[in-house]
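The values are calculated or read from the model by the stated rules, or taken from the named source; none is laboratory data. The structure presented is a predicted model; accordingly, all values stated were derived computationally and were not measured. Backbone-built Cβ (ideal geometry, glycine too); neighbour counts: all protein chains shown.
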Amino acid sequence: MRDDAFRNALVDETPRLLRLAARLTPPGTDEEDLVQDVLERAWTSRTSYHEESRLSTWLHSIMVNRATDLGRRSAAAPVAEGDPDCDALAIDIRDPASVVERAGDAAALREALSRLAPDDRTVLVLRDGEDLSAAEVAEIMGTTTDAAHKRLQRGRLRLAAELDLARGIPFDERPPETCRLARTRVSAYLDDRLEDRARKEVDTHLRHCTRCPPLVQAVIGLGNALGKQPEAHVPPGLKRALDQLTTSSL
């Protein structure tokens with residue numbers, strides 16, 4: 001790709017990078033600085049970009065690496081890193097409508113995302129927020145598609161719990177094994193990846209269970225909220241920085 005075309009493509013991708021930076025980093029982080037760093041690295045490495053790949057995916061890889069480095073150095077809020085999967089399967093939601101309402105608040109959503117394990121957050125934002133395929137997410141994360149699906153499942157459940165104002169009111173007992181089995185299939189169920197028999201089993205469970213339907217409703221609402229791309233304008237300062245970076249080379 002010619003330098004002038006590459007520069008124009010970076011300009012087109014900048015609003016999307018700003019949205020991504022805001023969701024991958026904790027509150028208080030300057031996403032403009034992060035995006036400028038990504039743009040500088042992309043411009044410097046432009047000869048390594050191959051046009052048969054999507055530019056957005058290539059830029060996402062750079063963004064994810066830089067956001068991960070930033071997260072390691074920041075004093076972010078505690079996250080649920082390292083918790084066993086079974087803990088996520090024990091999550092219950094009391095009021096799915098409030099979860100979805102809070103997800104519509106950009107500040108509340110960012111705060112909740114910051115409390116997820118970094119890899120869970122990244123997979124969730126890329127898959128549900130950026131609408132990348134699980135295979136594309138796995139490529140960016142340097143992992144397998146199965147591992148990406150597993151992190152997506154966990155991230156969806158934990159984000160719902162973080163946004164649930166009633167999460168401090170637990171049920172008197174842990175969910176039965178039938179609930180836990182259904183919850184292992186929630187993401188695949190919502191993404192239409194289940195075989196007919198498994199889908200029917202989940203449908204049957206949801207019709208008779210009093211605990212799982214609110215959780216599924218919350219996860220569906222979160223997916224819709226993450227998929228809504230808030231309007232992002234390129235700040236003048238970031239635009240000038242990109243102009244200065246590229247002008248001397250054109």
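Overview of results
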| quantity | calculated |
| --- | --- |
| Criterion (under 9 Å from the mean Cα position of the chain (by Cα), surrounded by fewer than 24 Cβ atoms within 10 Å (Cβ to Cβ) and not small (Gly, Ala, Ser)) met by exactly one of 130, 136 | 130 |
| Residues of the range 142-160 classified as surrounded by fewer than 21 Cβ atoms within 10 Å (Cβ to Cβ) and in a helix (DSSP H, G or I), total | 5 |
| When residues of the range 38-69 are limited to those that are small (Gly, Ala, Ser) and part of a helix (DSSP H, G or I), the one farthest from residue 17 (Cα to Cα) | 48 |
| Counted residues, the range 96-140 - those being farther than 20 Å from residue 221 by Cβ and in contact with a Leu (Cβ under 8 Å, 6 or more places away or on another chain) | 6 |
| Matching residues, the range 1-23, being part of a helix (DSSP H, G or I) and not hydrophobic (A, V, I, L, M, F, W, C) | 3, 4, 7, 8, 12, 13, 14, 15, 16, 19, 23 |
| Condition met for residue 243 (modelled with pLDDT under 90 and not assigned by TED's automatic domain parsing to the domain that holds residue 101) | yes |
| Residue pairs meeting the criteria (Cβ under 8 Å; at least 6 apart or on separate chains; first small (Gly, Ala, Ser) and at pLDDT 80 or above, in the range 162-185; second surrounded by 14 or more Cβ atoms within 10 Å (Cβ to Cβ) and assigned to a helix (DSSP H, G or I)) | 182/201; 182/202; 182/205; 182/206; 182/212 |
| Breaking point among (1) touching a residue at least 60 places away in the same chain (Cβ under 8 Å); (2) among the β-branched types (Val, Ile, Thr); (3) assigned to a helix (DSSP H, G or I), for residue 123 | (1) |
